[in-house]
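To keep things clear, I will list the structure first and then write my remarks on it.
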Amino acid sequence: MTCAPRLNVDGRQNIPVGKIICLARTYRKHAAEMDSPVADDIVMFLKPASAVIHDGQAIRIPQGSTEVHHEVEMAVVIGQPGSHIPAAEAASHIHGYAVALDVTARDLQRDAKQQGHPWATAKGYDTFCPISTVVPAAAIPDPHALDLSLAVNGERRQSSTTAMLLYTVDDIVAAVSAVMTLCPGDLILTGTPEGVGPLHRGDSVEARLDDYCHLTVSVE
């Protein structure tokens, strides 16, 4: 792992990773499978930049967890800084899009929730944020009409579309920037659809964002 991870753009690692802001319960069916209500407002949490890995690398199952889950997500990559960005201006702050995994130690998360504790540990391990090469925003006509899928060992586990997101990308950028200033290299993981499930050592994981982004990682 590196303390200064960078994002791949056009085949080069040339954008330093900033904050990783993740959204929860943005797909109604995923909220239902987790037995969680859909919130009235956007729910956010953070992952550390040190969790980032790239195509061809490996997710490491941490000691102390026996239930690590995959969550495939569309990632929004910030290109221009901004605070309190109006939704109508959000597009001008987006550099591009990628497919990412919000890997989660579900057992640790569940235990933390039951005790009323924060669950940053369950989300924050090294290797817990694989991300694909970034595709420029101009190359994607409509980020709200993209197939989002994940397969483990060739078996499709998650399959949905960003049309099912409960919020638009513009509204997401506006909401996040109302809380924290967004900076170049920041990532917003927009939430996962239904079908999350376990990963095991030896698995091969393939994630896609339509025909634009592809990511393959192993599990060890």
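The values are calculated or read from the model by the stated rules, or taken from the named source; none is laboratory data. Given the structure is predicted, the values throughout are model-derived calculations rather than measurements. In this analysis, Cβ positions are derived from the backbone assuming ideal geometry, glycine residues included, and neighbour counts consider all displayed protein chains.
Residue by residue through segment 55-71, note down the ones that are assigned to a strand (DSSP E or B) and either under 26 Å from Thr168 (Cβ atoms) or at pLDDT below 95 (or both).
Filtering segment 55-71 for residues assigned to a strand (DSSP E or B) gives 58-59, 68-70.
Once the filter is applied, which keeps residues that are assigned to a strand (DSSP E or B) and either under 26 Å from Thr168 (Cβ atoms) or at pLDDT below 95 (or both), segment 55-71 yields only His70.
Taking segment 86-125 only, how many residues are assigned to a helix (DSSP H, G or I) and either over 28 Å from Arg60 (Cβ atoms) or within 14 Å of the chain's Cα centre (by Cα) (or both)? Spell out the reasoning first.
First, the residues of segment 86-125 that are assigned to a helix (DSSP H, G or I): 87-93, 106-114, 120-124.
Subset that is either over 28 Å from Arg60 (Cβ atoms) or within 14 Å of the chain's Cα centre (by Cα) (or both): 87-93, 123-124.
Residues that pass the stated criteria total 9.
Looking at Asp147, Asp170, which is the one that is touching a residue at least 40 places away in the same chain (Cβ under 8 Å), within 17 Å of the chain's Cα centre (by Cα) and under 20 Å from Ile21 (Cβ atoms)? Before the answer, list the steps.
Numbers: Asp147 fails: under 20 Å from Ile21 (Cβ atoms).
Result: Asp170 is the single residue among Asp147, Asp170 that is touching a residue at least 40 places away in the same chain (Cβ under 8 Å), within 17 Å of the chain's Cα centre (by Cα) and under 20 Å from Ile21 (Cβ atoms).
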Quiz item: Consider Val176 against the criteria (1) of a type outside the set (Asp, Glu); (2) touching a residue at least 24 places away in the same chain (Cβ under 8 Å); (3) surrounded by fewer than 19 Cβ atoms within 10 Å (Cβ to Cβ): it satisfies all of them except one. Which criterion is unmet?
Solution: (3)
Quiz item: Is segment 139-152 home to any residue that is touching a strand residue (DSSP E or B) at 6+ places or on another chain (Cβ under 7 Å), at pLDDT 95 or above and among the polar types (S, T, N, Q)?
Solution: yes
Practice problem: Say whether the condition of being more than 21 Å from Gln158 (Cα to Cα), in contact with a Phe, Trp or Tyr (Cβ under 9 Å, 6 or more places away or on another chain), of a type outside the set (Val, Ile, Thr) and surrounded by fewer than 20 Cβ atoms within 10 Å (Cβ to Cβ) is met by at least one residue in segment 68-82. | Solution: no
Practice problem: Could you please tell me which pairs satisfy a Cβ distance under 6 Å, a separation of 6+ or placement on different chains, a first residue in segment 101-121 that is over 18 Å from Val43 (Cα atoms), and a second residue that is part of a helix (DSSP H, G or I) and modelled with pLDDT of 95 or more? | Solution: Ala105/Ala122; Leu108/Thr121; Leu108/Ala122
Practice problem: Quick one: in segment 126-137, of everything that is assigned to a loop (DSSP other than H, G, I, E, B) and not charged (D, E, K, R), which residue is nearest to Cys22 (Cα to Cα)? | Solution: Phe128
Self-check item: Scan of segment 35-94 for residues that are touching a residue at least 40 places away in the same chain (Cβ under 8 Å) and among the acidic types (Asp, Glu), ordered by number
Solution: Asp41, Asp55, Glu67, Glu71, Glu73
Self-check item: Filtered residues of segment 131-156 (kept if surrounded by 20 or more Cβ atoms within 10 Å (Cβ to Cβ) and in contact with a helix residue (DSSP H, G or I) (Cβ under 9 Å, 6 or more places away or on another chain))
Solution: Pro143, Leu146, Leu148
